[in-house]
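Data first, discussion second: the structure below is written as structure tokens.
The values are calculated or read from the model by the stated rules, or taken from the named source; none is laboratory data. Being a predicted model, the structure only gives us computed values, none of them experimental. Ideal geometry is used to build each Cβ from the backbone, glycine not excepted, and the neighbour counts take in all protein chains shown.
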Amino acid sequence: MTPDERQGALDSIAAEVRGCNACRLHETRTLAVPGEGNPETEVVFVGEGPGFNEDRQGRPFVGAAGAFLTELLGTVGWNRSDVFITNVVKCRPPENRDPEPDEIAACAPHLRRQLSVIDPALVVTLGRHSLGTFLPGARIGQVHGTARPAESGLLPPESTVFAMYHPAAALHQGALRRTLLDDMTAVPVALRDARERRTATAPAAAATAAAAPATVPAPPSVPGSDPDPAADQLTLFA
Ligand code: URA
């Protein structure tokens, strides 16, 4: 798929999301929030569902949690425009309640199609509802900061899922801010591993990917770090 074709496919999914009435959330939304970012990226961040600001603007993660997500990306040298950002449900649950399982199920075809167009090596889940969508049964307190093979029909099994707490959790529970910052440092390494895993499990597709230029920039170097294998990982995307 060419970059134009990929952008066109994402635009048409977004148009369908804006007109979607597959679940009750369409009744109370202001604007649906399809998601946004770089169609050529290797990394997709998946949150829970739009909040107040996102519902007004039709864009994901534009409120306080979004500011922290942007900050987290910045700590590894990435911008929002380097990745794709979306949610498991595309319309705001009233009063920011948790999305219901039937709402997540009704919205899943949109997410599945977005992921199939982008074909990311790595999906970063933000919060337990996103985690449960990709790794059913996993517990966020146990798996945050770690990567594992995708286990749901939303992604091919050669894709990798990296679990993080939701950025909003740090706004309510200050200690989680440090946890999120620490977990974020492992994301570029998880991407490198995810690329290697794809090469091993799907050689033809991965050979094409390996020949393509990296789609996320090199993370910043760590001042004072030793020239050891970890340092090598940090310059992988130069
Ligand atoms: N929280 C989410 O899960 N998604 C958004 O887009 C904003 C806040």
Quiz item: Would you say ARG148 is of a type in the set (D, E, K, R), free of Cβ contacts under 8 Å to residues at least 60 places away in the same chain and more than 13 Å from the ligand (Cβ to nearest atom)?
Solution: yes
Quiz item: Pick from VAL33, VAL43: which is within 16 Å of the ligand (Cβ to nearest atom) and closer than 19 Å to VAL117 by Cβ?
Solution: VAL33
Quiz item: Just for helices (runs of 4 or more DSSP H) wholly inside the range 103-184: which have at least 3 residues that are at pLDDT 95 or above and either buried (at least 21 other Cβ atoms within 10 Å of the Cβ) or small (Gly, Ala, Ser) (or both)?
Solution: 128-134, 167-172
Quiz item: What are the residue pairs meeting all of these: first residue in the range 115-134, first residue over 21 Å from LEU72 (Cα atoms), second residue of a type in the set (S, T, N, Q) and surrounded by 24 or more Cβ atoms within 10 Å (Cβ to Cβ), Cβ atoms under 6 Å, and 6 or more apart or on different chains?
Solution: PHE134/THR125
Practice problem: Run down GLY66, GLY8, GLY49, GLY77 and say which single residue is away from the ligand (no atom under 16 Å from the Cβ) and either surrounded by 19 or more Cβ atoms within 10 Å (Cβ to Cβ) or not in a helix (DSSP H, G or I) (or both). | Solution: GLY77
Quiz prompt | Checking ARG92 against (1) within 13 Å of the ligand (Cβ to nearest atom); (2) surrounded by 23 or more Cβ atoms within 10 Å (Cβ to Cβ); (3) within 15 Å of the chain's Cα centre (by Cα), the condition it does not meet | solution = (3)
Quiz item: Does ARG59 meet the test of being modelled with pLDDT of 95 or more and part of a helix (DSSP H, G or I)?
Solution: no
Quiz item: Among all residue pairs at least 6 apart or on different chains, which show Cβ distances below 8 Å where the first residue, located in the range 38-59, is closer than 30 Å to ALA194 by Cα and without any contact (Cβ under 8 Å) to a residue 60 or more places away in the chain and the second is among the polar types (S, T, N, Q) and near the ligand (Cβ under 9 Å from one of its atoms)?
Solution: PRO50/ASN87
Quiz item: Is it fair to say VAL17 is closer than 22 Å to PRO167 by Cα, at pLDDT 95 or above and β-branched (Val, Ile, Thr)?
Solution: no
Self-check item: Filter result for the condition that a residue is among the β-branched types (Val, Ile, Thr), touching a residue at least 12 places away in the same chain (Cβ under 8 Å) and in contact with a Phe, Trp or Tyr (Cβ under 6 Å, 6 or more places away or on another chain), over VAL161, VAL189
Solution: VAL161
